[in-house]
Amino acid sequence: MTDAVQTNQIQLITYIDRLSGADITALHQLLNGPLAGLFDGVHLLPFYPPIDGEDAGFDPTDHTAVDRRLGDWADIERLAKDYPIMADMIVNHMSAQSPQFLDVLQHGAASPYWPLFLTRDKVYGQTPDPAQLKSIYRPRPTPCFTDIRLANGDIVPFWTTFTANQIDIDVTSAQGQAYLQAILQRFTDHGVKYIRLDAAGYAIKKAGTSCFMLPETFEFIAALSEQARARGMTCLVEIHGYHKTQIEIAKRCDMVYDFALPPLVLHTLYSRSATALKNWLDIAPRNCITVLDTHDGIGIVDAADYNGEPGLLTDPQLDALVEQIHKNSGGSSKLATGNAANNVDLYQVNCSFYDALGRDDKQYLLARAIQLFCPGISQIYYGGLLAAENDVALLQKTGVGRDINRPYFNNTGVQQALEKPVVAALCQLIKLRRTMQAFNGEFNQTLTGNCYQLSWQHHGHYASLTLSLDSLTATLSWQHQGDALQQLELASLLS
């Protein structure tokens with residue numbers, strides 16, 4: 001890892017079109033207008049063609065292009081001058097509609113792109129051992145291979161970790177390496193500062209293993225991170241998995257997600273106990289990105305046990321957590337989770353964080369305050385910023401579970417959302433948090449009875465969030481160097 005990453009930041013996570021209602025220029029205007037003063041940077045979710053594919057841009061036909069409906073690389077550069085940009089590097093797969101794969105369909109093994117894609121036979125041979133296939137770790141209940149017919153009539157089992165439209169890349173091949181280097185070069189040329197390595201844990205496949213987070217995977221991540229670092233970029237590794245795995249990954253890369261935080265914050269508020277959260281923050285990586293919600297669901301596996309090793313929460317606690325999410329959302333999260341929806345996940349619950357807390361403004365603001373006081377760069381998802389409710393209509397339209405928390409806004413919708421008391425309070429909280437120099441210093445936490453405190457100190461600066469767990473109320477305290485201590489009841493921001 002590198003110690004050079006500045007973690008005292010708050011960033012926005014967003015789709016360009018789903019927040020702005022239009023393109024990159026419109027998003028830039030939004031950040032400089034109604035959202036001015038809130039963010040130090042922005043994670044632009046996939047802006048490659050097609051942004052309206054099967055997985056909202058995570059199935060690119062051309063990873064080096066900007067979807068024309070959003071603008072071009074010049075627009076990205078202009079935005080990057082005001083807000084450091086994070087972009088997704090989708091290392092595991094590309095679209096089945098890509099020119100490269102279409103050429104493979106037409107010419108088979110004679111295609112120059114044949115080595116770019118991974119088939120079952122490349123890893124297991126023509127007569128794979130069923131026991132080895134069964135040991136492959138699956139993030140979804142769908143098969144990991146899809147039989148696809150070539151133009152000559154041959155049927156080939158291509159590796160499709162996520163969907164049949166996302167064909168896995170052989171990142172160990174010369175063509176795979178060249179493909180990744182082309183993406184890195186394009187990012188370098190156009191001012192991208194941060195790279196999010198999407199689905200990196202699945203990139204290396206090896207017979208006789210789970211094909212997930214192998215020793216070779218760690219080596220792949222470390223090598224790619226070093227290549228990005230040499231170009232002046234910082235790498236964020238996106239992996240949902242056992243919490244100790246995240247700790248190990250953090251030692252070998254610039255940054256990791258704290259995906260355990262969302263379920264632990266919910267557990268804290270549901271159970272009115274901060275023991276599990278405190279235990280995690282005692283050992284959690286400091287070179288992290290914190291989130292409560294993203295374009296994906298609320299992670300469950302990140303707090304669960306693994307191969308007999310205890311998790312951050314017990315199975316009964318996780319079961320209660322999931323059921324409470326479904327109850328608080330009025331059952332809408334059940335419609336989007338598990339076998340009830342396409343593009344399903346085994347390890348996530350698809351639900352907006354606002355609905356996961358029953359649309360309780362005080363609890364939602366408290367959850368965000370906890371996030372903003374945890375170590376790491378705080379990323380706020382656009383739906384979370386605007387306290388979006390579950391978009392059941394979009395879910396019913398697309399049948400994609402994650403779309404329940406991938407809503408579409410326009411200027412009018414954003415303005416209306418910003419007028420909601422909970423959103424106005426969150427914006428005030430973010431702006432207040434950004435004035436506090438204490439977050440450049442040391443983090444501490446204490447748990448005594450029903451009192452849980454998160455605090456920061458840096459030279460003469462101080463900031464703390466003190467929670468009363470029995471009443472779920474909180475007090476903010478802060479002191480700038482040389483000034484008097486100030487205090488604020490968190491709930492007062494809602495009035």
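What FRET efficiency do you get for THR314 and THR473 if R0 is 25 Å and r is their Cβ-Cβ distance, rounded to the nearest 0.05?
Details: r = 27 Å, r/R0 = 1.09.
Calculated value: 0.35.
Using only the alpha-carbon atoms, how far is helix 215-230 inclined from the longest principal axis of the chain? Give it as 0 to 90 degrees, nearest 10.
Between the helix axis and the principal axis of the chain, the angle is about 70 degrees.
How large is the convex hull of the Cα atoms of the chain per residue, expressed in Å³ as a whole number?
Numbers: hull volume 70.3 nm³, N = 495.
Spread over its residues, the Cα hull of the chain gives 142 Å³ apiece.
Counting Lys and Arg as +1 and Asp and Glu as -1, what is the net charge of the other residues whose Cβ lies under 11 Å from the Cβ of ALA65? Walk me through the numbers on the way to the answer.
Numbers: positive: ARG68, ARG186; negative: ASP62, ASP67, ASP72.
With Lys, Arg at +1 and Asp, Glu at -1, the net is -1.
Considering only the other residues whose Cβ falls under 11 Å of the Cβ of VAL265, what net charge follows from Lys and Arg at +1 and Asp and Glu at -1? Could you put the intermediate results ahead of the total?
On the way: positive: ARG368; negative: ASP258, ASP293.
Taking every Cβ under 11 Å from that of VAL265, the sum is -1.
So what are the ³J(HN,Hα) numbers for the range 402-409, from phi and the Karplus equation (6.51, -1.76, 1.60; θ = phi - 60°), rounded to whole Hz, Gly and Pro as x?
Working through the residues one at a time gives 5, 5, 5, 10, 10, x, 9, 10 Hz.
Taking amide H positions as placed 1.01 Å from N in the peptide plane, with prolines and chain starts having none, which residues 5 or more places from PHE117, or on another chain, fall under 5 Å of its amide H?
Sorted by chain and number, the residues that satisfy this are ASP170.
Report the antiparallel proportion of the DSSP beta bridges in the chain as a percent, rounded to a multiple of 5. Mind showing how you got there, number by number?
On the way: 39 of 67 bridges.
Among the beta bridges of the chain, antiparallel pairing accounts for roughly 60 percent.
What does the helix-only formula give at 222 nm for the chain: each DSSP H stretch with n ≥ 4 adding -39500 (n - 2.57), the total divided by the residues, and the result rounded to the nearest 500 deg cm²/dmol? The partial results should precede the final answer.
Values: 19 runs with 171 residues, N = 495.
Estimated from H runs of four or more residues: -9500 deg cm²/dmol.
Pull out a ≥ b ≥ c, the square roots of the eigenvalues of the alpha-carbon gyration tensor of the range 441-494, then state rounded if a/c is under 1.5, prolate if not and a/b is larger than b/c, and oblate in the remaining case. Mind dumping the intermediate values first?
Numbers: a/c = 3.09, a/b = 1.40, b/c = 2.21.
Judged from the Cα gyration tensor, the range 441-494 comes out oblate (a/c at least 1.5, b/c at or above a/b).
Would you mind checking LYS334/LYS431; LYS81/LYS431; LYS206/LYS251; LYS81/LYS251; LYS251/LYS278; LYS327/LYS397 for any pair whose Cα atoms are more than 32 angstrom apart?
Details: LYS334/LYS431 35 Å; LYS81/LYS431 21 Å; LYS206/LYS251 23 Å; LYS81/LYS251 30 Å; LYS251/LYS278 21 Å; LYS327/LYS397 23 Å.
LYS334/LYS431, as the Cα separations exceed 32 Å there.
Can you pull the one-decimal nm distance between simple spin-label points at TYR137 and TYR306, each 7 Å off the Cα toward Cβ?
With each label placed 7 Å out from Cα toward Cβ, I get 0.5 nm.
So, with +1 on the Cβ of K and R and -1 on the Cβ of D and E, and no other charges, what is the size of the charge dipole of the chain about its Cα centre, to the nearest 20 debye? Before the final figure, lay out each step's value.
Numbers: 36 positive and 52 negative charges, 83 e Å.
In debye, rounded to 20, the chain gives about 400.
Which shape class, rounded, prolate or oblate, goes with the range 364-424 when its Cα gyration tensor gives a ≥ b ≥ c as root eigenvalues, a/c under 1.5 marks rounded, and past that a/b bigger than b/c marks prolate? Display every interim value, and only then the final one.
On the way: a/c = 2.50, a/b = 1.47, b/c = 1.70.
Cα axes put the range 364-424 in the oblate bin.
In nm, what is the difference between 0.36 nm times the number of residues separating ARG252 and THR275 and their Cα-Cα distance?
So the extension gain works out to 5.4 nm.
Got a sec to turn the phi values of the range 303-308 into Karplus ³J(HN,Hα) couplings, 6.51 cos²θ - 1.76 cosθ + 1.60 with θ = phi - 60°, whole Hz, x for Gly and Pro?
10, 8, 6, 7, 6, x
With charges set only on the Cβ (+1 for Lys and Arg, -1 for Asp and Glu), what does the dipole of the range 99-167 come to about its Cα centre, in debye to the nearest 20?
On the way: 6 positive and 5 negative charges, 55 e Å.
Dipole about the Cα centre, nearest 20: 260 debye.
Which of ILE283, PHE409, THR294 sits closest to the plus end of the dipole of the chain, meaning its Cα is farthest towards the positive end, when Lys and Arg get +1 and Asp and Glu get -1 on the C-beta?
Most positive-ward Cα: ILE283.
ILE380's amide H: which non-local residues (gap 5+, or another chain) put their own amide H closer than 5 Å, with H modeled 1.01 Å from N in plane and none for Pro or chain starts?
Hits under the 5 Å cutoff: GLN11, LEU12, ILE13.
Under 5 Å between amide H atoms, partner at least 5 residues away or on a different chain: which partners does MET233 have, H built in plane at 1.01 Å?
none
Classify the range 99-167 as rounded, prolate or oblate, taking a ≥ b ≥ c as the square roots of the eigenvalues of its Cα gyration tensor: rounded when a/c is under 1.5, otherwise prolate if a/b is larger than b/c and oblate if not. Working shown, then result.
Details: a/c = 2.21, a/b = 1.60, b/c = 1.38.
Cα axes put the range 99-167 in the prolate bin.
Report the one residue of ALA174, TYR113, LEU493 whose Cα lies farthest in the direction of the positive end of the charge dipole of the chain (charges on C-beta: Lys and Arg +1, Asp and Glu -1; origin at the Cα centre).
Projecting each Cα onto the dipole axis, the largest value belongs to LEU493.
In percent, what relative contact order does the chain have, based on Cα pairs under 8 Å that are 6 or more apart in sequence? Each step should come with its number before you reach the end.
On the way: 997 pairs, mean separation 67.1, N = 495.
Once normalised by length, the contact order is 14 percent.
How large is ³J(HN,Hα), in whole Hz, for each residue of the range 170-186 in order, when computed from phi with the Karplus curve 6.51 cos²θ - 1.76 cosθ + 1.60 and θ = phi - 60°, using x for Gly and Pro?
Listing the rounded values in order: 8, 6, 8, 7, 4, 5, x, 5, 5, 4, 5, 5, 5, 5, 4, 5, 5 Hz.
Work out, step by step, the length gained on full extension between ASN440 and ARG286: first 0.36 nm times the residue separation, then minus their alpha carbon distance; give nm to one decimal. Write out the running numbers ahead of the final one.
Numbers: separation 154, 0.36 × 154 = 55.44 nm, distance 1.23 nm.
Length difference between fully extended and current span is 54.2 nm.
State, to one decimal in nm, how far the label point of ALA109 lies from the label point of HIS480, with both points 7 Å from Cα in the Cβ direction.
7.0
Using a simple charge model, +1 on the beta-carbon of Lys and Arg, -1 on the beta-carbon of Asp and Glu, nothing else, what dipole does the range 313-424 show about its Cα centre, in debye to the nearest 20?
Details: 9 positive and 11 negative charges, 41 e Å.
Result for the range 313-424 is approximately 200 debye, rounded to the nearest 20.
Would you please put 274-282, 127-135, 315-323 in order of how densely packed they are, using the mean number of other Cβ atoms within 10 angstrom per residue and starting with the highest?
On the way: 274-282: 18.1, 127-135: 11.1, 315-323: 15.2.
Going by the mean number of other Cβ atoms within 10 Å, highest first, we get 274-282, 315-323, 127-135.
If I fit a long axis through the Cα atoms of helix 361-373 and take the longest principal axis of the Cα atoms of the chain, what angle between them do I get, 0 to 90°, rounded to 10?
Rounded to the nearest ten degrees, it is 80.
Would you mind pulling out the separation of the Cα centroids of the range 289-317 and the range 42-100, in Å?
Here the answer is 28 Å between Cα centres.
Only the coordinates and a few stated rules stand behind these numbers; no lab work does. Keep in mind it's a predicted model, so treat the numbers as computed, not measured. Because the Cβ atoms are built from the backbone with ideal geometry, glycine has one as well, and the counts that use them run over all protein chains shown.
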